[in-house]
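Below is one structure, written out as structure tokens; comments come after it.
The values are calculated or read from the model by the stated rules, or taken from the named source; none is laboratory data. Since this is a predicted model, take the numbers as computed values, not measurements. Here the Cβ positions follow ideal geometry from the backbone for every residue, glycine too, while neighbour counts run over all protein chains shown.
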Amino acid sequence: MSCVPHTGDWAWPPALDHGELHEWVLSLPWVVERPYALGFPGIRTFAVDCAPVGVRRMWLVTGLPHSSGIAVIVSEGVAEDLDFINLAQPLAPMPPGHVLTSLCPDADGRDIERVLLEAYSSALA
């Protein structure tokens, strides 16, 4: 699988309905949906909110324009690994030492699950 470079070639508004994906994500322990109000309809953000271990961290964004429609926030090292194996490409740096990374548009269900579980696990760490 190859990820198309950052050009207009894959910069479309996502046409996918992520309903089942959102249901699955919200079924994971300590995942909550966070409000998003920057004026772009359809964008949803998800975080881990685990009071027992003091973790509160955003890790998933869906519906971003000019991307595949699914993006995760992971450490720089994980982002590099995902880019190297052509599962995702970095979109923007995030503090502290994290990267907003968009899944490749041709990622299949197993690849999406793999990346989401990696991001979820990283958010809990």
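Of the numbered conditions (1) of a type outside the set (Val, Ile, Thr); (2) surrounded by fewer than 21 Cβ atoms within 10 Å (Cβ to Cβ); (3) out of contact with any Phe, Trp or Tyr (no Cβ under 7 Å at 6 or more places or on another chain), Pro105 satisfies every one except a single condition; which is it?
(3)
Of everything in segment 59-109, what is of a type in the set (Phe, Trp, Tyr) and closer than 20 Å to Ala47 by Cβ? Give them in sequence order.
Answer for segment 59-109, where residues must be of a type in the set (Phe, Trp, Tyr) and closer than 20 Å to Ala47 by Cβ: just Trp59.
Do you know which residues across segment 65-89 are out of contact with any Gly (no Cβ under 9 Å at 6 or more places or on another chain), free of Cβ contacts under 8 Å to residues at least 60 places away in the same chain and hydrophobic (A, V, I, L, M, F, W, C)? Explain how you work it out, then say what you get.
Just the residues of segment 65-89 that are out of contact with any Gly (no Cβ under 9 Å at 6 or more places or on another chain), to begin with: 67-68, 71-74, 78-89.
Add one more test, that the residue is free of Cβ contacts under 8 Å to residues at least 60 places away in the same chain, and what stays is 67-68, 71-74, 78-82, 84-85.
Of everything in segment 65-89, those that are out of contact with any Gly (no Cβ under 9 Å at 6 or more places or on another chain), free of Cβ contacts under 8 Å to residues at least 60 places away in the same chain and hydrophobic (A, V, I, L, M, F, W, C) turn out to be Ala71, Val72, Ile73, Val74, Val78, Ala79, Leu82, Phe84, Ile85.
Which of the numbered conditions does Pro93 fail, given that it passes all the others? Conditions: (1) exposed (fewer than 14 other Cβ atoms within 10 Å of the Cβ); (2) closer than 23 Å to Glu20 by Cβ.
The failed condition is (2).
Need the failing condition index for His22 against (1) in contact (Cβ under 8 Å) with a residue 24 or more places away in the chain; (2) not in a helix (DSSP H, G or I), just the number.
Checking His22 against (1) in contact (Cβ under 8 Å) with a residue 24 or more places away in the chain; (2) not in a helix (DSSP H, G or I), the one that fails is (2).
Could you run through segment 1-53 and say how many residues are surrounded by 10 or more Cβ atoms within 10 Å (Cβ to Cβ), closer than 12 Å to Gly69 by Cα and modelled with pLDDT under 85?
The qualifying residues number 8.
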